[in-house]
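One structure is given below, encoded as structure tokens.
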Amino acid sequence: MKIYFYLSDIFSIICCMSDALFLDRKKYKETFKAQIFYIFVSLYEGMVFSFLTLFLNECRKNLSWSFLMSSFSLFLPPFGAAIGTFISSFLVSSQKKNLKLMRIICLSSFVLINTLGLLGLFLPNGLNGNGLVENSFQYYFLYSIFVIIPFLLMGLHWSFLSFQTSNIADINYAEKTRYGHVCLYGVLVPLLASPIAGLIAESLFHSYKGYLFLFSISSPTILILFGLTYLFKPFDSSIYHQDEHELVSYKDLFKNKTYVFYLLLASIWIPLVWVNDSLSSNFWTALESSNDVLNAFNPLTWGFFIAFSSLMEFVFVFINTKFGFGKKVKFSLTLSFILLFLLSTSFGIISIFYNGPIQDGLGLVLVVIALHSLKGMANGLYLTSNIMMLHSIVGPKYRRKAVFIAPCIYQLVNSILQFVYPYLTSFRYISFFVLSFLALLGFILSFFLNVSISLPHKNVE
């Protein structure tokens, strides 16, 4: 009898896995379209934004940026994301209007990213052969391009993601699917895209120019996204968000103590994911070869660094899509903090012993790539539980305001952390251990959060 129940449980799990991986495309037409769209969004992110902090850290290293210049360059992109999210919170509406705004963003992003690539590749950097500033105007003009355009790109991209999230919410509500069903395959895209992007970055140009070339080569993806917006059959009005919910004030939202407490936890949790990526890229560029002969720390292996993390993200998105409800959704938060603590602590220990260019480093690269998979796990838990927890905590009346104000605050915290850590690059392990402390603090506080998710509708069969 026990064997029967054991086999029955295994069969149930296999069925759940099949349901998560293979939706009926005829029954869930809009969800299937959203899956395709998400795949190309992930392709764009995997080839551009996954390399953005590495590009900025390469600029710091090769263009003789000061600590302040480097800090400011890392501060502005997440700050732009916060502004973009905040502005879009007032513009997001029905799916039809959202898609129109997404098309405008696509065209604007296409122009900006190619402007960044072309100007960065061909404008003089104002340095002489010894790396000293020879022409101040050229030097600071190029710097202004390298900080202003990423700032604008991140603002536009996070506005784009806000409209996309709203559209997905409508589709999920109409077809009784989940966010995880939409993003399940998309998170796998960097598994192939990022190594290819790394290969492109090191193919024709050296140093930061390789990334600029990559960004320009990746720009047609934005035009594909523009075309795919016409694929959807938009609902006449938002069926997930009601118009009267726009009238609620942020002041009323912050009267919810559970929401404020969760916002505190998530403001530790989510920026830790992002800052670990940025600090890892800073560590990566420090270990790169100091001459033209590449060692194991190069753009191609950085692509594998992103790819393996994406594989682990896929696994955890899949698991949480099927099983991450009820009391388990709180466990997603707690487990994320454990994973981020292990990641930050491990990198902190490694950076004590390695803080400069090394000759080969293949073994160390493999260790770093394996450790970075913890970030993918934590991000997978975030993707599939963050919005659910926000909705559960604040209820239908306030959920729209909560969903938009939360990422805005996360990015503001992220921008502050990004601004601070370049000053500690001589003692990089201190930055990693500070992140470890924050992760440990979040882990302890997570036990005091009272949240449990019940499914609002029947599960996808």
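Taking the range 62-181 as the region of interest, none of the helices (runs of 4 or more DSSP H) fully inside it holds 3 or more residues being in contact (Cβ under 8 Å) with a residue 60 or more places away in the chain, surrounded by fewer than 17 Cβ atoms within 10 Å (Cβ to Cβ) and in contact with a Cys (Cβ under 9 Å, 6 or more places away or on another chain). Is there a residue in the range 315-332 that is at pLDDT 90 or above, under 17 Å from the mean Cα position of the chain (by Cα), of a type outside the set (K, R) and part of a helix (DSSP H, G or I)? The answer is no, given that none of the residues of the range 315-332 is at pLDDT 90 or above, under 17 Å from the mean Cα position of the chain (by Cα), of a type outside the set (K, R) and part of a helix (DSSP H, G or I).
Within the range 201-237, the residues that satisfy the criterion of being among the aliphatic types (A, V, I, L, M), crowded, with 21+ Cβ neighbours inside 10 Å and either farther than 27 Å from V92 by Cα or over 22 Å from the mean Cα position of the chain (by Cα) (or both) are A201, L212, L214. It is to be established whether one or more residues within the range 148-165 are within 25 Å of L54 (Cα to Cα), at pLDDT 95 or above, of a type outside the set (F, W, Y) and over 19 Å from the mean Cα position of the chain (by Cα). Scanning the range 148-165 turns up at least one residue that is within 25 Å of L54 (Cα to Cα), at pLDDT 95 or above, of a type outside the set (F, W, Y) and over 19 Å from the mean Cα position of the chain (by Cα).
Applying the condition of being hydroxyl-bearing (S, T, Y) and touching a Phe, Trp or Tyr at 6+ places or on another chain (Cβ under 7 Å) to the range 383-430 and asking which residue is modelled with the lowest pLDDT yields Y423. Suppose the filter is within 15 Å of the chain's Cα centre (by Cα), hydroxyl-bearing (S, T, Y) and surrounded by 21 or more Cβ atoms within 10 Å (Cβ to Cβ); does S194 pass it? Against the criterion (within 15 Å of the chain's Cα centre (by Cα), hydroxyl-bearing (S, T, Y) and surrounded by 21 or more Cβ atoms within 10 Å (Cβ to Cβ)), S194 qualifies.
The values are calculated or read from the model by the stated rules, or taken from the named source; none is laboratory data. Bear in mind that the values here come from a model prediction, so they are computed numbers and not experimental data. Quick reminder, even Gly has a Cβ in these numbers, built from the backbone with ideal geometry, and neighbours come from all protein chains shown.
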